[in-house]
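One structure is given below, encoded as structure tokens.
The values are calculated or read from the model by the stated rules, or taken from the named source; none is laboratory data. Everything numeric here is computed off the predicted structure, so don't read it as measured data. For neighbour counting, all protein chains shown are included, and Cβ atoms are generated from backbone atoms with ideal geometry for every residue, glycine included.
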Amino acid sequence: MEVLNPVQRRIHQAALRLFAEKGVSQVNISDLAQEAGVARGTIYNNVENIEQLFRQVASQLSKEMHLRVSKSFADLQDPAERLANGIRFFIRRTHEEPQWGAFLNRFAMSDSALREMFYSQATTDLLSGLQGGRYRFRQDQLVVVISLVASATLGSMFLVIEGLKTWREAGSDTAELVLRSLGVDEAEARRLATTELPPLPALD
């Protein structure tokens, strides 16, 4: 993953907030400079154009979250527990970093880098669960199942952003219902969805 210097990180964080609020086409260099608290010249020195900046922000965000979630799974073997935790990590982070959640909610299904963040880990764990008998669905349904997981997670992130549910309520209910839809027993799904969620590991 590309290492950003402090100025680039500041610009990326400002861009994430602006993109989440306005969309890509409505953001300009002046907006970005003001939001980041830097001179326009600093933006020109670090940003090729707004569209390229969006791609960089989306790619960086995707890789960072994917690596952190993957790291959290190092000692977890059960694909159902991994899936339940993964769903809740996204929903909890939306509570902790609302602009991060708003950015994902706005762009996750339309940007390839952000879709990859959802799909890559989920594909591995869903196939593992299917082959191990943990889940019950046809293998030709895999793409639809991944879409179901991603859509359910994003929908609950929206509930948290809007203040309609706490992250714990939304996270546990979503994880439970997704697991039940995949064939996990109701009581087992509820147990996995309500166990204490560990901290999301930081990257070294």
Original post:
Condition test on I29, is it of a type in the set (A, V, I, L, M) and crowded, with 17+ Cβ neighbours inside 10 Å?
Top reply: no
Original post:
Within the stretch 68-111, can you find the residues that are assigned to a loop (DSSP other than H, G, I, E, B), surrounded by fewer than 21 Cβ atoms within 10 Å (Cβ to Cβ), within 13 Å of the chain's Cα centre (by Cα) and at pLDDT 90 or above?
Top reply: E97
Original post:
Out of the residues in the stretch 174-204 that are over 16 Å from L148 (Cα atoms) and hydroxyl-bearing (S, T, Y), which is surrounded by the most Cβ atoms within 10 Å (Cβ to Cβ)?
Top reply: T194
Subject >> Single condition D125 does not satisfy, out of (1) farther than 20 Å from A193 by Cβ; (2) modelled with pLDDT under 95 >> reply: (1)
Subject >> From the options L114, L154, residue that is under 19 Å from A193 (Cβ atoms), under 19 Å from the mean Cα position of the chain (by Cα) and either buried (at least 17 other Cβ atoms within 10 Å of the Cβ) or of a type outside the set (G, A, S) (or both) >> reply: L154
Original post:
Which numbered condition trips up V178, out of (1) touching a residue at least 24 places away in the same chain (Cβ under 8 Å); (2) over 16 Å from the mean Cα position of the chain (by Cα); (3) under 20 Å from M65 (Cβ atoms); (4) part of a loop (DSSP other than H, G, I, E, B)?
Top reply: (4)
Subject >> Qualifying residue in the stretch 159-170 (condition: part of a loop (DSSP other than H, G, I, E, B), touching a residue at least 12 places away in the same chain (Cβ under 8 Å) and buried (at least 21 other Cβ atoms within 10 Å of the Cβ)) >> reply: no
Subject >> Contacts under 6 angstrom Cβ, first residue in the stretch 98-114 being on the phi < 0 side of the Ramachandran plot, partner of a type in the set (S, T, N, Q) and at pLDDT 95 or above, 6 or more apart >> reply: G101/T94
**OP:** Look through the stretch 66-95, keep the residues that are touching a residue at least 40 places away in the same chain (Cβ under 8 Å) and of a type in the set (D, E), and return whichever of them is nearest to G23 (Cα to Cα).
**Re:** E81
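May I ask you to list the residues in the stretch 25-46 that are in a loop (DSSP other than H, G, I, E, B) and more than 16 Å from Q13 (Cβ to Cβ)? I'd like the intermediate steps shown before the answer.
Within the stretch 25-46, the first condition is being in a loop (DSSP other than H, G, I, E, B), and the residues that meet it are 25-28, 37-39.
Residues satisfying the conditions are S25, Q26, N28, A39.
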Subject >> Hits in the stretch 161-204 - residues which are farther than 13 Å from F89 by Cα and basic (K, R) >> reply: K165, R180, R190, R191
Original post:
Mind checking which pairs have a first residue in the stretch 1-16 that is within 15 Å of L203 (Cα to Cα) and a second that is modelled with pLDDT of 90 or more and among the hydroxyl-bearing types (S, T, Y), Cβ under 8 Å, 6 or more apart or different chains?
Top reply: none
